[in-house]
Amino acid sequence: MNERTRQNIYKAFIGEAKAYFRLLAYAEKAEEEGIPQIALLFRAIADAERVHATRHLNLVKDILVKDTDTNLEKSFQQEKSVSEIEYPELIKDAEEDGETAAAITFSQARDAETFHAKLYERAIYQVIKEEVKAYHVCQVCGYVTSKKIPDKCPICGAPKEKFKTIGK
């Protein structure tokens with residue numbers, strides 16, 4: 001595939017993925033405001049944007065998605081980069097701008113990404129390859145654990161009811 005076209009497909013994928021989440025937020029707001037039909041409209045179009053994003057991703061999937069070991073290593077490196085380089089810069093900027101809420105969400109995301117990297121690292125060293133068990137995701141900050149759901153999230157303090165179980 002031509003490099004320019006590949007980049008354009010990837011750019012379109014990113015745009016559609018962003019639209020999907022933005023429209024879900026709009027739907028939530030319409031629900032809060034008591035306008036269910038508009039909320040449904042936003043959800044329907046969000047789902048259409050998900051379809052677009054998936055179709056775009058499928059065109060470049062062979063370039064982006066490799067074998068599982070390569071995907072694990074890439075995911076591990078990305079999590080480390082985000083937690084060690086990108087989020088610290090975002091935190092610094094938010095603090096300098098006096099944006100406490102942003103600094104908190106960036107800090108919690110950074111801390112969660114550190115745990116994600118550890119999970120990937122365990123997978124790389126095949127500590128968990130033969131195991132199939134559930135993961136628990138804090139729906140407030142994104143912390144993930146394969147152990148039992150904690151009474152309180154170690155990153156943001158959310159109660160155990162805020163965890164979503166993925167898997168068994």
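Averaging over all projection directions, find the projected area of the Cα convex hull of the chain and quote it in nm² with one decimal place. Working shown, then result.
On the way: hull surface 50.7 nm².
Average projection, Cα convex hull of the chain: 12.7 nm².
Karplus couplings for segment 46-55 from phi (6.51 cos²θ - 1.76 cosθ + 1.60, θ = phi - 60°), rounded to Hz, Gly and Pro as x?
Running phi through 6.51 cos²θ - 1.76 cosθ + 1.60 with θ = phi - 60° gives 4, 5, 5, 5, 4, 4, 4, 4, 5, 5 Hz.
Can you give the helix-only mean residue ellipticity at 222 nm for the chain, where every DSSP H stretch with n ≥ 4 adds -39500 (n - 2.57) and the sum goes over all residues, rounded to the nearest 500 deg cm²/dmol?
-22500 deg cm²/dmol
What GluC sites (Glu not before Pro) does segment 1-96 have in DSSP loop regions with at most 14 other beta carbons within 10 Å? Intermediate values should be presented prior to the final figure.
Numbers: sites: E3, E16, E28, E31, E32, E33, E49, E73, E79, E84, E86, E89, E95, E96; in loops: E33.
Answer in residue order: E33.
Counting every Cα pair in segment 3-64, what percent are over 20 Å apart?
Details: 659 of 1891 pairs.
Counting pairs separated by more than 20 Å, the tail of P(r) holds 35 percent.
Starting from segment 66-107, pick out the trypsin sites (Lys or Arg not before Pro) whose DSSP state is loop and whose Cβ has at most 13 other Cβ atoms within 10 Å.
Working: sites: K66, K74, K80, K92; in loops: K66.
When the trypsin sites (Lys or Arg not before Pro) of segment 66-107 are filtered for loop state and at most 13 Cβ neighbours within 10 Å, K66 remain.
Cα to Cα, under 21 Å, and not fewer than 8 places away if on the same chain: which lysines meet these conditions relative to K92?
K80
No value in this document is a laboratory result; all are computed from the given coordinates. This is a predicted model, so every value here is computed, not measured. Quick reminder, even Gly has a Cβ in these numbers, built from the backbone with ideal geometry, and neighbours come from all protein chains shown.
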